[in-house]
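Novice: If you scroll down you'll find the structure; I have some questions about it.
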Amino acid sequence: MIDSTIEKALNDQIEMEALSSHFYLAMASWSENQGLNGTAAFLYRHSDEERLHMLKLVRFVNERGGRAVIPALDAPQSEFSDLPAIFSTLLDHETKVTASINDVVDLCLKRKDYTTHNFMQWYVAEQIEEEALARNILDKLALIGQDKGGLYLFDRDLEQLQPEA
Ligand code: OFO
């Protein structure tokens, strides 16, 4: 049976992952409306991946004898000034997700829950990839600046880019 403080921390993490999915869905929809179809495709995939991150936690909590709670979510930001604004919002959010995962890991050690600690290592590794990817995209956007041809190629490349699963 799962410790109730760990159960609570995992339910908070379920909400974080649900929020990520929700945020990236709104960003994808904005991009699609701007005609940035490659960026939209990337962000739709990213949103789907975040839903899977949430689901993995839901299943784990229930399998351990806890009770996963599906959270209510506020409407995400739906207006953005440009692509750098989107990806810096995304990076800020991922930094918060990383901090929250680290808190869960820390709690697992304090409560001697090595099973959940082991399970959370997948999320720890995932966050390294997610933050690196967002930084890499922001670097590319900074290089492109106002160059419309560069933006066209960036959008086309993002169509193929896979967010980490
Ligand atoms: Fe779930 O990795 Fe981003 O938030």
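Only the coordinates and a few stated rules stand behind these numbers; no lab work does. Every value quoted in this text rests on a predicted model; they were computed, and no experiment measured them. Positions of Cβ are backbone-derived with ideal geometry, glycine not excepted, and every protein chain shown enters the neighbour counts.
Novice: Over region 21-134, what is the relative contact order in whole percent, taking alpha-carbon pairs under 8 Å and six or more residues apart?
Specialist: Values: 72 pairs, mean separation 25.3, N = 114.
Worked out over region 21-134, it gives 22 percent.
Novice: Which ³J(HN,Hα) values in Hz, rounded to whole numbers, follow from the phi angles of region 22-27 under the Karplus curve 6.51 cos²θ - 1.76 cosθ + 1.60, where θ = phi - 60° and Gly and Pro get x?
Specialist: 5, 4, 6, 5, 5, 5
Novice: Further question on the same structure: Could you compute the FRET efficiency for D139 and T115, with r as their C-beta to C-beta distance and R0 at 35 Å, rounded to 0.05?
Specialist: Details: r = 38 Å, r/R0 = 1.09.
Rounded to the nearest 0.05, the efficiency is 0.35.
Novice: Identify which of K110, K56, K96 has the largest mean-square fluctuation in a Gaussian network model of the chain, with springs joining Cα atoms closer than 10 Å.
Specialist: Maximum among the listed residues: K110.
Novice: Can you run phi through the Karplus equation (6.51, -1.76, 1.60; θ = phi - 60°) for region 10-20 and list ³J(HN,Hα) in whole Hz, with x for Gly and Pro?
Specialist: Each residue of region 10-20 in turn: 5, 5, 5, 5, 4, 5, 4, 5, 5, 5, 4 Hz.
Novice: While we're on this one: Determine, from the Cβ-Cβ distance of E159 and I128 and an R0 of 25 Å, the FRET efficiency 1/(1 + (r/R0)^6), rounded to the nearest 0.05.
Specialist: Values: r = 24 Å, r/R0 = 0.97.
Between E159 and I128 the formula returns 0.55.
Novice: Need the full-extension length gain, K96 to L55, defined as separation in residues times 0.36 nm minus the C-alpha distance. One decimal, nm.
Specialist: The span from K96 to L55 would gain 12.8 nm if fully extended.
Novice: Same structure again: Relative to the Cα centre, what is the charge dipole magnitude of region 48-165, using +1 at the beta carbon of each Lys and Arg, -1 at the beta carbon of each Asp and Glu, and rounding to the nearest 20 debye?
Specialist: About 660 debye.
Novice: Right, another one. Compute the helix-to-body angle for 148-160: its Cα long axis versus the longest principal axis of the chain, expressed 0 to 90° and rounded to tens.
Specialist: That works out to roughly 40 degrees.
Novice: Hey, what number do you get for the chain at 222 nm if only DSSP H runs of n ≥ 4 count, each worth -39500 (n - 2.57), divided across all residues, to the nearest 500?
Specialist: -28000 deg cm²/dmol
Novice: Quick check for you: which residues of region 84-117 have the amide N under 13 Å from the point 7 Å beyond the Cα of Q34 toward its beta carbon?
Specialist: 84-90
Novice: Here is a further query. Among S78, S47, S100, determine the one that fluctuates most according to a GNM of the chain built with springs between C-alpha atoms less than 10 Å apart.
Specialist: Largest GNM mean-square fluctuation: S78.
Novice: Using the Cβ atoms and a cut-off under 12 Å, what net charge is assigned to the surroundings of R111, where Lys and Arg are +1 and Asp and Glu are -1? Don't skip to the end; give the middle numbers.
Specialist: Details: positive: K8, K110, K112; negative: D3, E7, D106, D113.
Value of the local net charge: -1.
Novice: Now for a different question. Arranged by the count of other C-beta atoms within 10 angstrom, fewest first, what order do I86, I70, I2 take? Don't skip to the end; give the middle numbers.
Specialist: Values: I86 26, I70 11, I2 20.
The fewest-first ordering by Cβ neighbours comes to I70, I2, I86.
Novice: May I pose another question? Would you mind pulling out the separation of the Cα centroids of region 42-81 and region 110-165, in Å?
Specialist: Distance between centres, Cα-based: 17 Å.
Novice: Let me confirm the definition first: pairs of Lys residues in the chain, 8 or more apart or on different chains, C-alpha distance under 30 Å. How many are there?
Specialist: Eligible lysine pairs with Cα atoms under 30 Å apart amount to 11.
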